Amino acid sequence: MSGTQIQLKSCSKTFPDGTRALSPTSINVSPGEILALLGPSGCGKTTMLRIIAGLESPDETGKVFFDDSDVTSIPIEKRSVGMVFQSYALFPNMSVRENIGYGLKIKKISTEKIRDRVDEVMALCQLEGLGERNIKALSGGQRQRVALARAVAPQPKILLLDEPLSALDAGLRDQLRDELAILLRSLSITTVFVTHDQAEAMAIADRVAVMQKGHVLQIDDPRKLYTAPDNAFVARFVGAANELSGRLNNNLFSLQGGSLQLPEGISAVSDDKIYVRQEAIKLIPPSESELKGKVLSSTFLGNSQKIVLSDVCERLVNVITDPFSKYEIGQEVGLLIQVEDILVLRDD
Amino acid sequence: MLLQRGNKMRNISPSFTFQLAVTLLACAFLLVPAVMSIMAGFTANYFKGISSGLTIKWIIEVWELYADSIGRSIILAIACLFFTLIIGIPAAYALNQMKPRFARILEEFVSLPLSIPGLALALALLQLYGTMSGFRLSSWFILTGHVLYTLPFMIRSVLAIFTAIDLKALEEGASSLGASSWQRFKDIAVPNALPGILAGSLTVVTLSIGEFNLTWMLHTPLTKTLPVGLADSYASMRLEIASAYTLVFFIMIVPLLVALQWLSTRTQKIGESR
Ligand SMILES: Nc1ncnc2c1ncn2[C@@H]1O[C@H](COP(=O)(O)OP(=O)(O)O)[C@@H](O)[C@H]1O
Ligand SMILES: [Mg+2]
């Protein structure tokens, strides 16, 4: 794939007020790759994105490379990055067309060429017919598309998006997420985008960097992240794994609701906790299982149902199962968990 | 429906009546002298009253006596506007880019002339430049005072709109598209700040045309302005001329004030709609 490689070399960020927004971080984004920065609010995602953009400079030791050139001290206007801001930052004094063409106008491209490129980008972002509109007369979804169109029009080396969908209503967000995924892939520009929504990260990105409190905990492709999280935070944040606490004794893991046979070799369960995905737990008749729980609630979700169990361990356990089996509240059920679905993780 | 309405109409509370009365009284208190004064400007002989006949000769006489003061005031106001624009807008832009704490200190500093009485400011100017007689005797001297006095209003007005439109975010957007700081200033900052710039301009013009304290200290017999002329006519002319002068003053200043009021509510709405 063509495109520019991004490298951060031990970039940290301490704000003047002493806030450590980012701990020293080194990451590589391959040419043409789409990387998601995923994490809860305040974990330093925007800060990292702004360091790549050139809107913040990293603390002294940090370096930012685009391909082989060190851009650490180059201001954003000379970095050739396209950026979609969380607030979109569209120019109210310009029409949709003028907004999208602004980057090209700055580059002193001829008026006809600007017109052609703007037409092209507007078609790509499904903005046909809106060119003369005022920014204030656009819906949220349209603004989002104008912001994206404006960022990609000058054919930047790198595309950066800060929570591009967070300002939209839930319904629209799902639709635009899929559109955005298709569009970004068709552009094949090296892209970094920030989100706090794991479904969004999984849907759009080639790789996801999970962040917590200014640290990158794990960078992997979405499937790997889901099936083999490096630590408990990643497991909980990506796909909401159940945490089961108990006591390990010769491969027998005893909990409040019974026991589980663990395979040989995982003797070193840290803090006596294991993690299991919601859909990896099967519900069977209690007589057939060594581990039991009580149904606290069941919620029909259309293509599945969610059962909440108590009395398995201290925490409640969520199970996603087929939508049509009936469970009474208070009913006792047995839990079947395949050994390979058990995640043993460091607790951070 | 109709019946209910009627009921409501009859149910005007005594406290409302009282409030209305007080409001009308206050209006009358303010307006009656103004109306009287304006009428006096049209009366042939004020001491004989309206019966002496209506005339515009006083207004013509005011024009003949004070046309140059009025003209000077207008030119001063325009020049003052010019300087506050070319100094004030870039200054507000720079302040907006600074770190908040630093900017606040500086803003206090440029706002100092607001809290200093015009007389003190005039005295300072006289002490500093009084000996440079060419400058001292020209209208430039008054202009300097007016610019010093009105500049903070321009800066504040522009700074307020920069904050209201979240200029920082807009500029980050523009810089990501490759715009240099000059391009951001002319393409983004100024066009989006126009309502604030307009409000600031009207304030400056209104203040400059109406300014008396400072101007009175700085003026010479050859550099009178509209309000200085007004005081002069009160002190030395017959009442009808002074009244006619008041009328001229009103005609010049009231439209400015109305426009200012209209603009400032509009600017407020821009801030709120964000
Ligand atoms: N300009 C700033 N000055 C001081 N602290 C800041 C600044 N910007 C962000 N922070 C702090 O840095 C941390 C990370 O912020 P941010 O990168 O915006 O998080 P995220 O985008 O993941 O929500 C937060 O605690 C935030 O309050
Ligand atoms: Mg953020």
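The values are calculated or read from the model by the stated rules, or taken from the named source; none is laboratory data. Worth saying up front: this structure is predicted, and the values here are computed from it rather than measured. We place every Cβ from the backbone using ideal geometry, glycine too, and count neighbours over all the protein chains shown. The accessibility values were calculated without ligands, DNA or RNA, using every heavy atom of the protein model including side chains. Shrake-Rupley method; radii C 1.70, N 1.55, O 1.52, S 1.80 Å.
Peptide B:167-173 shows a mean partner chain C-beta count of 5 within 10 Å per residue C-beta. Can you grab the distance from the C-alpha centre of segment A:11-59 to the C-alpha centre of segment B:130-152, Å, no decimals? A separation of 53 Å, based on Cα centres.
Report the relative contact order of segment A:6-233, percent, no decimals, based on alpha-carbon pairs under 8 angstrom and at least 6 residues apart. Before the final figure, lay out each step's value.
Numbers: 423 pairs, mean separation 65.3, N = 228.
It rounds to 29 percent for segment A:6-233.
The orientation-averaged projected area of the convex hull spanned by the Cα atoms of segment A:240-343 comes to 6.3 nm².
In this structure, A:Arg236 and A:Asp68 have a Cβ-Cβ separation that, at R0 = 25 Å, corresponds to a calculated FRET efficiency of about 0.05. Solvent-accessible area of A:Lys107, probe 1.4 Å, all protein chains present, reported in Å² to the nearest ten, please. We get 110 Å² for A:Lys107.
With a 1.4 Å probe rolled over the protein heavy atoms of all chains, the accessible area of A:Ser310, B:Ser15, A:Ser41 falls in the order A:Ser41, B:Ser15, A:Ser310, largest first.
Looking at segment A:39-88, the accessible area is 42 square angstrom per residue; that uses a 1.4 Å probe and ignores ligands, DNA and RNA. Take A:Glu279: with every protein chain present and a 1.4 Å probe, its accessible area is about 80 Å². You can think of it this way: the chain between A:Lys294 and A:Arg247 has 14.9 nm of extra reach, that is 0.36 nm per residue less the Cα-Cα gap. How much of the accessible area of chain A, probe 1.4 Å, is carbon plus sulfur, in whole percent? Carbon-and-sulfur percentage of accessible area, whole number: 48. Rounded to the nearest 0.05, what FRET efficiency is calculated for A:Ala181 and B:Leu85 with R0 set to 51 Å and r the Cβ-Cβ distance? FRET efficiency, A:Ala181 to B:Leu85: 0.55.
Interface A/B, total buried accessible area with a 1.4 Å probe, nearest 100 Å²? Could you put the intermediate results ahead of the total?
Numbers: alone 16730 and 16250 Å², together 31390 Å².
Interface area, both chains combined: 1600 Å², rounded to the nearest 100.
Ranking of A:Glu98, A:Glu33, A:Glu56 by solvent-accessible surface, largest first: A:Glu98, A:Glu56, A:Glu33 (1.4 Å probe, protein heavy atoms only, all chains present).
Near A:Glu33, within a Cβ-to-Cβ distance under 12 Å, what is the net charge of the other residues, with Lys and Arg +1 and Asp and Glu -1? Spell out each step's value before the answer.
Values: positive: A:Arg185, A:Arg207; negative: A:Asp206, A:Asp221.
Net charge around A:Glu33: 0.
Provide a whole-number value for the mean count of partner chain Cβ atoms within 10 Å of the Cβ atoms in peptide B:227-239.
Average neighbour count from other chains, rounded to a whole number: 0.
Across the options B:Ile75, B:Phe109, B:Ser133, the greatest Cα extent toward the positive end of the charge dipole of chain B (unit charges at beta carbon of Lys, Arg, Asp, Glu) belongs to B:Phe109. Across peptide B:187-194, the mean count of Cβ atoms from other chains lying within 10 Å of each residue's own Cβ comes to 3. Comparing mean-square fluctuations of B:Leu256, B:Leu20, B:Leu159 from a GNM of chain B with C-alpha springs under 10 Å, the top value falls on B:Leu20. Hydrodynamic estimate: the Kirkwood radius of segment B:1-152 over Cα pairs, inserted into Stokes-Einstein at 4 °C and 1.567 mPa s, corresponds to D of 60 µm²/s. The convex hull defined by the C-alpha atoms of the protein assembly as shown has an orientation-averaged projected area of 46.7 nm². In straight-distance terms, cross-link reach from A:Lys108 covers every one of the lysines whose alpha-carbon lies under 23 Å from its own, apart from those fewer than eight places away in the same chain; here that gives A:Lys78, A:Lys157, B:Lys186. The smallest convex shape that holds all Cα atoms of chain A, its convex hull, gives 170 Å³ per residue.
Counted by Cβ distance under 12 Å from A:Val152, the other residues give a net charge of +3, where Lys and Arg count +1 and Asp and Glu count -1. Please build a GNM for chain B, connecting alpha carbons under 10 Å apart, and tell me which residue among B:Tyr245, B:Tyr93, B:Tyr149 fluctuates the most. The residue with the greatest mean-square fluctuation here is B:Tyr93. The accessible surface of chain B, taken with every protein chain in place and a 1.4 Å probe, is 72 percent carbon and sulfur.
A 1.4 Å probe over all protein chains sorts B:Met36, A:Met211, B:Met237 by accessible area into B:Met36, B:Met237, A:Met211, starting with the largest. Only alpha carbons enter this Debye calculation for segment B:60-273, each as an equal point scatterer, and the log10 of I(q)/I(0) it gives at q = 0.18 Å⁻¹ is -1.23. Solvent exposure of B:Phe42, expressed as accessible area, is near 60 Å², computed with a probe of 1.4 Å over the protein chains only. Taking every alpha-carbon pair in segment A:136-289 and binning the separations at 10 Å intervals from zero gives 9, 29, 26, 16, 12, 6, 1 percent. Counted by Cβ distance under 9 Å from A:Ala205, the other residues give a net charge of -3, where Lys and Arg count +1 and Asp and Glu count -1. Separation of segment B:222-238 from segment A:297-326 is 89 Å, based on Cα centroids. Give the lysines whose C-alpha is closer than 28 Å to that of B:Lys57, dropping any in the same chain fewer than 8 places away, or say none. Once the sequence-local lysines are set aside, what remains near B:Lys57 is B:Lys48, B:Lys224.
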